[in-house]
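The structure appears below as structure tokens.
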Amino acid sequence: MITGDRALDRHYMQMALDLAARARGRTSPNPMVGAVVVRDDRVIGEGYHARAGEPHAEVLALHAAGEASRSATLYVNLEPCCHHGRTGPCTELVISAGVKRVVVAMKDPNPLVAGRGIERLRGAGLAVTVGVLAAEAAGLNEVFIKYITTKMPFVVAKAAMSLDGRIATRTGKSRWITGPAARSYGHQLRDWYDAIMVGAGTVLADDPLLTARLPDGGGRDPVRIVLDSTARTPLEARVLGRHSAARTIIVATTAAPAERLAALRQAGAQTLAAGDGPRVDLKELMKELGRQGITSVLIEGGAEVHGSALAAGIVDKVVWFVAPRIIGGRTAPGPVGGAGVDEPDQAVLLEQVTVNRFGADICIEGYIAGGAFLQYLNDCFQRSGLCLPV
């Protein structure tokens, strides 16, 4: 069997991961994939999947390498596909290119692949190594993993609060708690995820656009979702206007007035019902969004929306900004509402926590312990072998 140097394998796999990440927010519902072709310790071809429907990373990398691909090593952060979708199976191209060794970060969780691509390559006589930078590969494609295995979107709860846990002053003023760097990253998150979700209270208080405004003027606006059980969103709200080509979905309950829903549709929104009230059924909503092909949702709601989302168990990841300022005030709101828990050991816990700085602000990110995504990854690494070296 052909084997490689572990340090070199990690080096070239990191290159593949970096290439894949260039398309963050553009490949939905497909994964982000990068590929690097190496021969005699020299990169001779590279590529990444830019968006759904366009050539896969392996195709671009092997095309760039040309005839030099023969006897080369291919590094790819996700198992090459072996089925016909919008494009043909990459496994056959890899085999015909004469590649001798393939290094894969993780197996594809897509049930249509799930190890069959690797089996096909090995059956054709290629040496295949699986599991190089597996955890990094899984983190990069967390959205794809959740969606392809559950048919529901990956959900991120994002909030910004003061050092004493306030998201606004006692008068309701919230602009701005965090600094420019943190706010810029918040817009980057909007660009990366398929949809952004807020409550009607946020629309009434702030009249937000909910668009992705990046420093270079670019950015892709997410689908705007407003949780509005009684359809009270103002018809003149900016989220309904012509400020963006992205669609707006008003999510009500079956108890919402039909005439209000009709008026919102006339104003340009899509409406749907999730639950009979008094609040929107968030689990039912996530199933419907999955059916619509929305693979990820960024929650930027107020305290009640965050509290409801956590209580419903739909949140996979938390992105929490903490600003070094103290607001105070007994009635100043915090980031999470709802009934809360009775005992400290009932609190929602985070795992795989990371901490970053954005100017003077701190950003804490982590996955919900016991959530669907982490449960899958634990199964992936411990039992199914989808990510572990095989």
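The tail of the calculated P(r) for region 37-137, taken as Cα-Cα distances beyond 22 Å, holds 20 percent of the pairs.
Taking the centroid of alpha carbons for each part, region 300-372 and region 222-258 are 25 Å apart. Under a 5 Å amide H cut-off, with hydrogens placed 1.01 Å from N, GLY131 pairs with VAL104, ALA105, MET106 among residues at least 5 apart or on other chains. Expressed in Å, the radius of gyration and Dmax of the Cα atoms of the chain are 22.9, 71.
Across the protein chains, with a 1.4 Å probe defining accessible surface, the residues ILE368, ILE95, ILE250 rank ILE95, ILE368, ILE250 from largest area downward.
The modelled label-to-label distance between ARG242 and ASN378, using points 7 Å beyond Cα along the C-beta direction, is 5.2 nm.
Per residue, the convex hull spanned by the Cα atoms of region 263-390 measures out at 210 cubic angstrom. Dividing the Cα radius of gyration of region 155-268 by 2.2 N^0.38 Å, with N the residue count, gives 1.13.
Scanning residues 5 or more positions from CYS81 or on other chains, those with amide H under 5 Å from its amide H are CYS90, THR91, with H placed 1.01 Å from N in the peptide plane. Pairs exceeding 32 Å between alpha-carbon atoms, taken from LYS146/LYS173; LYS173/LYS287; LYS107/LYS287; LYS107/LYS158: LYS146/LYS173; LYS173/LYS287. Highest mean packing first, where packing is the average number of other Cβ atoms within 10 Å per residue, the peptides 140-151, 314-325 line up as 140-151, 314-325.
Surface composition of the chain: carbon and sulfur atoms hold 51% of the protein heavy-atom accessible area at a 1.4 Å probe.
Taking max minus min of the alpha-carbon positions on each principal axis, region 1-69 gives extents of 35, 26, 20 Å, largest first. All Cα-Cα distances of region 148-189, cut into 10 Å bins from zero to the largest, leave 23, 40, 22, 13, 2 percent in each bin in turn.
The values are calculated or read from the model by the stated rules, or taken from the named source; none is laboratory data. Since the structure is predicted, the reported quantities are computational estimates derived from the model, not experimental observations. As a convention, Cβ positions derive from the backbone with ideal geometry for all residues, glycine included, and neighbour counts pool all protein chains shown. Note: accessible area is taken over every heavy atom of the protein model, side chains too, but ligands, DNA and RNA are not part of it. Shrake-Rupley method; radii C 1.70, N 1.55, O 1.52, S 1.80 Å.
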